[in-house]
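> Structure below; questions to follow.
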Amino acid sequence: MTKSFKIDKLQIAVYGDLTEMGEAAADFVKSKLDEAIRERGEANLILATGASQFSFLKALQEKVIDWKKIAVFHLDEYKGISDRHPASFRKYLKERILDAVSPKKVYFLNGDAPDLEKEMDSYSKALEQNPIDIACIGIGENGHIAFNDPPVADFNDPKLVKLVSLDEDCRNQQLGEGWFPTLADVPKQALTLTIPAIMRCKAISCVVPDERKATAVHNTLHGAIDTKCPATILRTHSDTRLFLDNHAASKIMA
């Protein structure tokens, strides 16, 4: 049974299982893409990665969407790994949705580019030239959005894309999800869209399943809006939906 409520500007919905949650998020994203295509003849989308997005991306791939009119960006990529690395977010997106739907254009953030400053500048310009209709994101165990961990998160960041150091909680999450064999293998830096780059998107879909995210969800909804839990900023966005399963919502539901 779905439970819906609102905290500040943030709309929250809790679903009984991963499939139901993923379907609901996919329906929301499809509606925003369809609306943009009706209005402008095209749409711009940001996709997230990680274990939290599996059910959503599966459902989105099955929706009837005019992908030939959609440009796709993504949130982040580890510094120094190629798109053939098992943990590469470019590889993840190709395998889990992009190869199947063949969008009009895909802008990949290349963490192994020979000139990272040039890569970030180019990606920032592409974001400027293609205002995002909807960003699909998650929330990390430490409350991060994209790779904006608490030590590096900046609600007023002047940049759209930056190189960041990953904190230990974040790196342990990547290890725990099975992307790397040991903590030493988890990169210490990544390229990421900044918080202002996410918040300037017209709409945001935030999909957060799993009990290990329950504390972060609680802090996001009930903590002060502060970079100690970067996801709290979502409560100030005018069109954001937070999709939770019962496990992720376990510390906020009576």
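> Give the residue, chosen from Ala135, Ala87, Ala146, Ala153, that is at pLDDT below 95, crowded, with 17+ Cβ neighbours inside 10 Å, under 17 Å from the mean Cα position of the chain (by Cα) and aliphatic (A, V, I, L, M).
Ala87
> Please identify the pairs in which a residue from segment 229-253 that is without any contact (Cβ under 8 Å) to a residue 40 or more places away in the chain has its Cβ atom under 7 Å from the Cβ atom of a residue that is part of a loop (DSSP other than H, G, I, E, B), counting only partners at least 6 apart or on another chain.
Asp239/Lys202; His247/Pro209; His247/Asp210
> Answer yes or no as to whether Leu33 is at pLDDT 95 or above, buried (at least 21 other Cβ atoms within 10 Å of the Cβ) and under 16 Å from the mean Cα position of the chain (by Cα).
no
> Restricting attention to segment 117-167, report how many residues are touching a strand residue (DSSP E or B) at 6+ places or on another chain (Cβ under 7 Å), part of a helix (DSSP H, G or I) and free of Cβ contacts under 8 Å to residues at least 24 places away in the same chain.
0
> Restricting to segment 221-246, give me the number of residues that are in contact with a Cys (Cβ under 6 Å, 6 or more places away or on another chain) and within 21 Å of Gln53 (Cα to Cα).
Applying the first criterion (in contact with a Cys (Cβ under 6 Å, 6 or more places away or on another chain)) to segment 221-246 yields 223, 242.
Restricting the remaining residues to those that are within 21 Å of Gln53 (Cα to Cα) gives 242.
The total comes to 1.
> In segment 228-254, how many residues are in a loop (DSSP other than H, G, I, E, B) and farther than 27 Å from Asn44 by Cβ?
11
> Provide a single number: the residues in segment 112-148 that are in contact with a Ser or Thr (Cβ under 8 Å, 6 or more places away or on another chain) and under 30 Å from Thr215 (Cα atoms).
11
> For Pro230, indicate whether it is closer than 26 Å to Ile81 by Cα and surrounded by fewer than 24 Cβ atoms within 10 Å (Cβ to Cβ). Lay out the reasoning, then the answer.
On the way: closer than 26 Å to Ile81 by Cα: yes; surrounded by fewer than 24 Cβ atoms within 10 Å (Cβ to Cβ): no.
Judged against the criteria, Pro230 is not a match.
> If I ask for residues that are surrounded by 15 or more Cβ atoms within 10 Å (Cβ to Cβ) and out of contact with any strand residue (DSSP E or B) (no Cβ under 7 Å at 6 or more places or on another chain), which ones from segment 182-196 would you list?
Within segment 182-196, Val186, Pro196 meet the criteria.
The values are calculated or read from the model by the stated rules, or taken from the named source; none is laboratory data. All values reported here derive from a predicted model rather than from experimental measurement. Every residue, glycine as well, gets a Cβ built from its backbone with ideal geometry; the counts of neighbours run over all protein chains shown.
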